[in-house]
Amino acid sequence: MPAKQAESKRKKPAASSILLRYRDADSEYGVSRETAIRLAQTLGLSETQVIHVALAKFARQALPQYEADNGPLTAAQEKTIEGLQPRGRMKVKASLF
């Protein structure tokens with residue numbers, strides 16, 4: 001009888017994984033392994049978690065946090081909005097500033 005292989009407790013890597021190559025020296029566009037290790041120790045995280053935290057922070061900084069709109073309102077849309085406003089209670093403004 002063939003021996004059963006012990007099942008690994010580690011999750012199988014996702015098919016969409018990438019290889020990260022650390023830089024030889026820290027720069028504006030990358031860090032060395034030593035820097036990643038120091039960050040992990042300082043933050044109490046694993047190196048993988050440090051990378052995810054950095055990418056999440058960069059995403060919040062660089063990517064829009066809202067869904068793109070279709071540009072300025074049309075005259076018909078503005079008229080509809082004005083028609084929905086209660087009379088006498090509010091003053092319609094076309095600009096916030």
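The values are calculated or read from the model by the stated rules, or taken from the named source; none is laboratory data. Source: prediction; values computed, not measured. Cβ sites come from the backbone with ideal geometry, for glycine too, and all protein chains shown count toward neighbours.
What's the number of the only condition in (1) small (G, A, S); (2) under 30 Å from E28 (Cβ atoms); (3) at pLDDT below 85 that A56 fails to meet?
Just one mismatch for A56, condition (3).
Considering only residues that are loosely packed, with under 10 Cβ neighbours inside 10 Å, part of a loop (DSSP other than H, G, I, E, B) and either touching a residue at least 60 places away in the same chain (Cβ under 8 Å) or of a type in the set (A, V, I, L, M) (or both), which ones fall in the stretch 56-78?
L63, A68
Considering each residue of the stretch 14-54, count those that are assigned to a helix (DSSP H, G or I) and loosely packed, with under 10 Cβ neighbours inside 10 Å, and give that number.
Qualifying residue count for the region: 1.
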